[in-house]
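The values are calculated or read from the model by the stated rules, or taken from the named source; none is laboratory data. Computed from a predicted model, the values in this text were never measured in an experiment. Glycine gets a Cβ as well: all are built from the backbone with ideal geometry, and neighbour counts include every protein chain shown. Side chains are part of the model used for accessible areas, which takes the heavy atoms of the whole protein and leaves out ligands, DNA and RNA. Shrake-Rupley method; radii C 1.70, N 1.55, O 1.52, S 1.80 Å.
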Amino acid sequence: MSEVLRNDIFRFTADLPVQQGFYRLCKFKPDNPQFYLPNLLVSETQLDYRLPAYFADFVVSTDLFNSIEDGDIGIVNNGNMIRVILSRRANHNTVLVTERCNNNCLFCSQPPKTGNDDWLLNQSALAIASFSLNGVVGVSGGEPLLYGEDFLQFLDFIIENSPETALHVLTNGRKFADVSFTQQMKERSEKLKITFGIPLYSSRSSVHDYLVGSEGAFDETVRGLINAGNSGINIELRIIPTLANYMELDKIIEFAGRVFSNINQISLMGLESIGWARKNWPSIFIEYDSYSEKILSAIGTAQRSGIPLTIFNYPLCHLPERAWGFATQSISDWKNYYPKECDECTQKSSCAGYFSSSKGRFHQPPRPIL
Ligand code: SF4
């Protein structure tokens, strides 16, 4: 694995294995002993005093201590490993609420599982409330809206316990085909800042359904986008260019501009080479340079439609210069890296760089801009 900007996984020593689960990570004595999650004391050195009762346990790790802020949230696995999932130092924070999904996207980064994992939704609610961020937390899956009514209750909990936290929910949008559900979501979205990132990969059902591996998905997603937009729910429309759809980027945007309401942003997203994308790479990936004109055309169509467009996950040196102003540093710091060649590049400070998973056959070499 390549060097990432912010490590999120740490090993620690502890007298006994720490019980698996979500914890609030504490560097100091908590101000208020009432918390949503158990408190885990993170220490640089072994304790020479008895652990106070307001801590569930303690771990010793200088690296972890130096990498977190008091009140960050972590998940302990295997008794001696912790993953920091909500960090005040991170450029993005996301909770995974389920691994179940009703799509099977060819490039899925988190291939779906079928087992019941409802506990993830409950623990994520507690984690968000405990973290209490005055900012945005992402909610991803799987498909979060498969929870239906339980997801609405999850939102109610956030509204009550962490109203200053805005949510960005990644969903395939199919659940919004249900008008009653959409109406209930609209009521929550009037109390909480919430945006739904919904992918539409084509203006043709055959192409969209092929890419998401589910017949009938296009029909539900389009009806969902119409319902959600007409209800005033905030939508970010996501498009991943692949071999199957790169020729029609401008058509998808034109379709969105004409048919949907309340699209606040269109995001063109570069593929991440993990999960099923790795397996299907030869049949889905297309070199960025080979569709530069299509990207420029998509930008033009978005501008004519009056919808802001942002480009995610592309190294600037593989985009036409006229598109640079639309690109953003989008890759989460725990999986973001810059090869050493980037050190001499004048655009590094504004470039997204690479996913750490892209090394090897998934890598398009950097071309420093001098
Ligand atoms: S050389 Fe590196 S920093 Fe420069 S544009 Fe390419 S990826 Fe970005």
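Annotations
- Under 12 Å from the Cα of LYS193 - aspartates and glutamates, other chains or at least 8 residues apart: GLU164
- Residues whose placed amide H lies under 5 Å from that of TYR54, excluding near-sequence neighbours: none
- Principal semi-axes in Å for the chain [√(5λ), Cα gyration tensor, largest first]: 36, 26, 18
- The lysine pair tally for the range 284-370, using Cα distances under 23 Å and a gap of 8 or more places or different chains, is 5.
- Ignoring lysines fewer than eight residues from LYS186 along the same chain, the ones with Cα atoms less than 18 angstrom from its Cα are LYS175.
- Averaged per residue, the range 94-362 has 41 square angstrom of accessible surface, using a 1.4 angstrom probe with ligands and nucleic acids left out.
- Potential lengthening between ASP63 and THR328 on full extension [0.36 nm per residue; Cα-Cα distance subtracted]: 92.5 nm
- Positive-end residue, the chain charge dipole about Cα centroid, Cβ charges, pick of HIS318, PHE12, ASN234: HIS318
- In plain terms, the chain from GLU99 to GLU44 could stretch by 16.3 nm, reckoned as 0.36 nm per residue minus the Cα-Cα distance.
- Using every pair of separate Cα atoms, the Kirkwood estimate puts the hydrodynamic radius of the range 1-136 at 16.1 angstrom.
- Here the Karplus curve 6.51 cos²θ - 1.76 cosθ + 1.60, taken at θ = phi - 60°, turns the phi angles of the range 228-244 into couplings of 5, x, 5, 7, x, 6, 6, 10, 9, 8, 10, 10, 9, x, 9, 4, 7 Hz, with x standing for Gly and Pro.
- Amide H partners (placed H, <5 Å) of VAL139, local residues excluded: VAL95, HIS168, VAL169, LEU170
- Annotation for the range 300-341 versus the range 4-43: alpha-carbon center distance of 35 Å.
- Sulfur and carbon atoms: percent of accessible area, the range 94-362 [1.4 Å]: 48
- Pairwise centroid distance, computed over Cα atoms, of the range 53-117 with the range 147-216, Å: 22
- Ratio Rg/Rh, restricted to the range 9-85 and using Cα atoms, in which Rh is the Kirkwood radius: 0.91
- Sequence-ordered 3J(HN,Hα) estimates for the range 80-87 from the Karplus curve with 6.51, -1.76 and 1.60 and θ = phi - 60° stand at 9, 9, 10, 10, 7, 9, 10, 10 Hz, glycine and proline given as x.
- Residue-wise HN-Hα coupling along the range 67-76, computed from phi with Karplus coefficients 6.51, -1.76, 1.60 (Hz; x: Gly, Pro): 9, 10, 9, 4, x, 5, 10, x, 10, 8
- Listed by chain and number, the aspartates and glutamates placed with their C-alpha closer than 18 angstrom to that of LYS113 are GLU99, GLU143; residues fewer than eight positions away on the same chain are left out.
- Between TYR288, TYR49, TYR314, the residue with the greatest mean-square fluctuation in the GNM of the chain (Cα pairs under 10 Å linked by springs) is TYR49.
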